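Student: Questions regarding the structure given below will be posed in turn.
Laboratory data are not the source of any read-out in this text; all were calculated from the coordinates shown. Values in this document were obtained by computation on a predicted structure and should not be read as measured data. Cβ placement follows ideal geometry from the backbone for every residue including glycine, while neighbour counts extend to all protein chains displayed.
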């Protein structure tokens with residue numbers, strides 16, 4: 001098994017399930033309504049919907065880095081505003097996150113193990129290996145937030 005395969009296994013455990021820590025990201029989002037995703041039960045915190053879009057952006061960034069693209073997302077890409085609050089738009093947001101996850105997995109699987117050990121240009125000394133584990137940590141961090149917001153939203 002390659003290192004890329006090990007990483008994608010961990011990515012899927014955090015994102016889709018079979019993790020030991022509790023519900024994965026998509027398990028938390030399953031059957032969630034747009035109203036719940038938009039709820040802001042605490043002031044000065046992001047909504048679940050905003051977190052979903054944010055997570056998709058950073059999965060894209062990790063893929064871009066593997067592909068040699070050094071684009072840095074701006075504020076509106078980091079936490080894109082939610083302008084369409086329909087159920088269809090919420091479904092599209094979840095699909096965007098799922099697509100970003102799958103595209104990143106494809107890029108990781110295609111990368112040679114040696115590529116994963118390379119430092120990311122303008123990455124502050126991070127290797128792709130560290131960045132990809134960071135994506136997993138990022139998913140888990142936000143999964144915890146989503147779980148709490150979901151409970152508070154009722």
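Student: Mind checking which residues of the range 123-153 are touching a residue at least 24 places away in the same chain (Cβ under 8 Å), within 21 Å of residue 34 (Cβ to Cβ) and surrounded by fewer than 17 Cβ atoms within 10 Å (Cβ to Cβ)?
Tutor: If the condition is that a residue be touching a residue at least 24 places away in the same chain (Cβ under 8 Å), within 21 Å of residue 34 (Cβ to Cβ) and surrounded by fewer than 17 Cβ atoms within 10 Å (Cβ to Cβ), then 145, 147, 152 are the ones that fit.
Student: Related question: Going by the structure shown, is residue 50 without any contact (Cβ under 8 Å) to a residue 40 or more places away in the chain and either within 13 Å of residue 25 (Cα to Cα) or surrounded by 13 or more Cβ atoms within 10 Å (Cβ to Cβ) (or both)?
Tutor: Taking the combined requirement at face value, the residue satisfies it.
Student: Now for a different question. How about the range 46-71: which of its residues are under 16 Å from the mean Cα position of the chain (by Cα) and in a loop (DSSP other than H, G, I, E, B)?
Tutor: 46, 47
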